[in-house]
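Working notes, structure below.
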Amino acid sequence: MEQSKQHWEKIYSTKQPNEVSWAQEVPQISLDLIHAVHPGKKAKIIDVGGGDSKLADFLIDEGFEDITVLDISEAALQRAKKRIGDRSAHITWVVSDIVDFEPATAYDIWHDRAAFHFLTTAARIQKYLSIARKAVKKEGVAIIGTFSENGPKKCSGLEIKQYNEEALLKAMQDGFERINCTTEDHRTPFNTIQNFLFCSFRRL
């Protein structure tokens, strides 16, 4: 959606990391959930809606060799590339709305912190899930982090869809089985709390 792209390009072109609520110095829960499935260093990992998240930095530091970061905002990815420096050449960068993404490969790990909950219509949710089913290898893992029912109802001025565990499991039931779910209180740069639900799923 062009309007959505313009929104995110403006956000990432005008605001610094400490001026956006989702910023994390250490994406600990994401790293913990990735480590929990014991991927090898050659595992194909995609960070969906990764923006300028530092997850890719940590994965590179740990020796992972096949990392893809996808985001609708080119400005976000350019900022991440600049921060990471020369090592950014070892990451595949994809500028795309997730519902327009056509994966050229299958991934061992699909990680999404706070992209899925921006999909608020049934058609876009189903398109996302269809792409995820194609993109995650059999026995691969999808890690989805969304605002919980105790979290915000909007983010960056946009409506989001809150999830409880039951609703997220229902959304993912076609093609995925639950591994585990947990909640996280994310402390924003503004010292406020956002409650997230994170669930890991195995591709059937």
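The values are calculated or read from the model by the stated rules, or taken from the named source; none is laboratory data. Computed from a prediction, not measured in an experiment: that's the story for all the values here. Note that we place each Cβ from the backbone using ideal geometry, even for glycine, and neighbour counts take in every protein chain shown.
So which strands (runs of 3 or more DSSP E) are wholly in region 1-119 and hold at least 2 residues that are in contact (Cβ under 8 Å) with a residue 24 or more places away in the chain and either of a type in the set (D, E, K, R) or farther than 25 Å from R133 by Cβ (or both)? Reasoning before the result, please.
Numbers: elements: 44-48, 66-71, 91-95, 107-113.
Filter on region 1-119 gives 44-48, 66-71, 107-113.
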If a residue must be surrounded by 14 or more Cβ atoms within 10 Å (Cβ to Cβ) and in contact (Cβ under 8 Å) with a residue 40 or more places away in the chain, how many such residues does region 177-204 contain?
16
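With the structure loaded, tell me whether D32 is acidic (D, E), at pLDDT 95 or above, under 15 Å from the mean Cα position of the chain (by Cα) and surrounded by fewer than 16 Cβ atoms within 10 Å (Cβ to Cβ) or whether it fails that test. Spell out the reasoning first.
Values: acidic (D, E): yes; at pLDDT 95 or above: yes; under 15 Å from the mean Cα position of the chain (by Cα): yes; surrounded by fewer than 16 Cβ atoms within 10 Å (Cβ to Cβ): yes.
Judged against the criteria, D32 is a match.
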With the condition kept exactly as written, say whether any residue in region 52-67 is surrounded by fewer than 18 Cβ atoms within 10 Å (Cβ to Cβ), under 18 Å from Q6 (Cα atoms) and out of contact with any Pro (no Cβ under 7 Å at 6 or more places or on another chain).
no
Residues in region 140-156: is at least one closer than 19 Å to W8 by Cβ, of a type in the set (K, R) and touching a helix residue (DSSP H, G or I) at 6+ places or on another chain (Cβ under 8 Å)?
no
Every residue from region 129-148 that is of a type in the set (S, T, Y) and under 12 Å from the mean Cα position of the chain (by Cα):
T146
For F116, which of the numbered conditions (1) buried (at least 22 other Cβ atoms within 10 Å of the Cβ); (2) modelled with pLDDT under 95 fails to hold?
(2)
Taking region 120-161 and keeping only residues that are surrounded by 14 or more Cβ atoms within 10 Å (Cβ to Cβ) and part of a strand (DSSP E or B), one is left with V136, K137, G140, V141, A142, I143, I144, G145, T146, F147, S148, C155
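Among the listed residues E165, E159, identify the single one that is under 23 Å from Y12 (Cα atoms) and either without any contact (Cβ under 8 Å) to a residue 12 or more places away in the chain or of a type outside the set (G, A, S) (or both).
Numbers: E165 fails: under 23 Å from Y12 (Cα atoms).
Testing whether each residue is under 23 Å from Y12 (Cα atoms) and either without any contact (Cβ under 8 Å) to a residue 12 or more places away in the chain or of a type outside the set (G, A, S) (or both) leaves just E159.
Any residue at all in region 19-26 that is surrounded by 20 or more Cβ atoms within 10 Å (Cβ to Cβ) and in contact with a strand residue (DSSP E or B) (Cβ under 9 Å, 6 or more places away or on another chain)?
Of the residues in region 19-26, the ones surrounded by 20 or more Cβ atoms within 10 Å (Cβ to Cβ) are none.
Within region 19-26 (the criterion being surrounded by 20 or more Cβ atoms within 10 Å (Cβ to Cβ) and in contact with a strand residue (DSSP E or B) (Cβ under 9 Å, 6 or more places away or on another chain)), the answer is no, since none of the residues qualifies.
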